[in-house]
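Okay, so here's the structure we're looking at.
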Amino acid sequence: MSNIPGHPGDASRGAPMPATSALPSHLLWTIALAAGASVANSYYNQPLLGELSREFVLSAGTVTWLPVLTQAGNALGVLFLAPLGDRLERKSLILRTLAALVLSLVLAAASSGFVQLALASLAVGLCATVAQQLVPLAIHLAPSHRKGQVLGVVTGGILIGILLARVVSGWMTELWGWRSVFGFSAALMLVLGFRLAWTLPVVPPSSDLGYGRLLLSMWHLVRKHASLRQAVAVQFLLFASMIGFWATFALWLERPPLQLGAVSAGLFALVGVCGALAAPAAGRFADRRGHGAVVRAGAVGTAMAFAVLYLGGSSIPALVLGIFLLEVAVQSAQVANQTMVYALDAGARSRLNTVFMGTMLLGGAFGAAAGGGAFTAHGWAGVCAFGMLSTTIAWGLSLRLNQ
């Protein structure tokens, strides 16, 4: 009987192709670009919420279901699609998922009502998790002494994609309407799909487990590794706090005294791009010093960010500072946690990534829903209180992480 990863004897399953010390820089940056552009699709709708609420005549509580469904689609995609990277040839899996993503974006652009857009948002979130197929591929191809650095580069690409998505979305909506955002992204993903078809290597699968046993094996990995359980719990809470903020930020900006529109909401995300540049540095630090200190510092930094955002919620300079702190702190903790998680089992990196990212994205869906509810009930103070509570619990859990 086949061994299940996470049990003794798992190494006897097909081991992954050895990492090469010659991961070409052009391939690394292509993967980072494609991952960033893919995951951006999960965040385009956040600056559009004010515009969409007016077009479809929706309350703030209703329109925030769009980012909730998108994040839920992310979680489903990571759970049910990403593990196939250990079972199937990765290049073909990535290209097929990209094709489905392009179709989903076209459907979003053509939506004639809120229900259609909501369903398209779920599909976009599901297929945008192609980014989580690209990350384990990059780690697989990287030499052992550079895995943290490579992860930092790809994660940096993802984070910049997330943040620039808000800028591009707000800007294009002001010029050409919200449908242009999804049409543009569909064309971009089509071009990147051709680029990946040309440059990605063929990587044999690392497991021949059936799909059901492949999914079951993730539970065994969770049971086996206490550090995995701790890392996913911390990142669930930190990511929930960040998405709770971004899912309501455009709505807050539209209210007095700021009264700013979608373009302004997007421009604030440029501040976060600067924060995302900390990801490679966090990866290098985790390679040298271990992940625990980085994660704890990230939790403290996130709490500081929400304090600034609450106290200076009506001040543009304070919002800029708070967003910068928030992005640096959350992204640094994520890179450190992922570096540790990927080191647990070289033959199960796609499944480890599924456990980590799936849990984190569930945190995003929870954060979007909780943030939207807090904003509806208590306004900006409610959003910041939710962020502080999540972050405080995350900090307490991070104290248990291995040094």
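Where a number appears in this text, it was derived from the coordinates with a stated rule and is not lab data. The structure presented is a predicted model; accordingly, all values stated were derived computationally and were not measured. Glycine gets a Cβ as well: all are built from the backbone with ideal geometry, and neighbour counts include every protein chain shown.
Structural remarks
- Karplus-derived 3J(HN,Hα) values for the stretch 126-134, using 6.51 cos²θ - 1.76 cosθ + 1.60 with θ = phi - 60°, are 4, 7, 5, 6, 4, 4, 7, 8, 6 Hz; glycine and proline are entered as x.
- Overall form of the stretch 347-403 per C-alpha gyration tensor (a/c, 1.5; a/b vs b/c): oblate
- Across the options THR62, ILE31, SER112, the greatest Cα extent toward the positive end of the charge dipole of the stretch 23-114 (unit charges at beta carbon of Lys, Arg, Asp, Glu) belongs to ILE31.
- If the chain linking SER112 and ARG54 were pulled fully straight, counting 0.36 nm for each residue of separation and taking away their Cα-Cα distance, it would gain 19.5 nm.
- 3J(HN,Hα) couplings calculated from phi for the stretch 235-243 with the Karplus curve 6.51 cos²θ - 1.76 cosθ + 1.60 (θ = phi - 60°) are, in sequence order, 6, 3, 6, 5, 5, 4, 5, 5, 5 Hz; Gly and Pro show x.
- Relative exposure of LEU238, LEU84, LEU344, judged by other C-beta atoms within 10 Å (fewest first): LEU344, LEU84, LEU238
- Entry note, the chain: the mean residue ellipticity at 222 nm calculated from DSSP H runs of n ≥ 4, each adding -39500 (n - 2.57), is -26000 deg cm²/dmol after division by the residues and rounding to the nearest 500.
- Length-normalised contact order for the stretch 86-174 - Cα pairs under 8 Å, 6+ apart - percent: 23
- Cα centroid separation, the stretch 218-260 to the stretch 54-97 (Å): 16
- Approximating the spin labels as points 7 Å out from Cα along Cα→Cβ, the ALA187-to-LEU119 distance works out to 2.7 nm.
- Gaussian network model of the chain, springs between alpha carbon atoms under 10 Å - residue of ALA226, ALA265, ALA240 with greatest fluctuation: ALA226
- GNM remark for the chain: springs join alpha carbons under 10 Å apart, and the peak mean-square fluctuation among ALA370, ALA37, ALA99 falls on ALA99.
- Note: relative contact order over the chain, using C-alpha pairs below 8 Å and six or more positions apart, is 27 percent.
- A straight line joining the Cα centroids of the stretch 328-363 and the stretch 107-121 runs 31 Å.
- Values (1) 1.01; (2) 0.96; (3) 0.98 are given for comparison; Rg/Rh (Cα atoms, Kirkwood Rh), derived from the coordinates here, is the one labelled (2).
- The residues neighbouring LEU159, those whose beta-carbon lies less than 13 Å from its own, together hold a net charge of 0 under the Lys/Arg +1, Asp/Glu -1 convention.
- Interchain or long-range residues, amide H under 5 Å from LEU260's placed H: GLU254, ARG255
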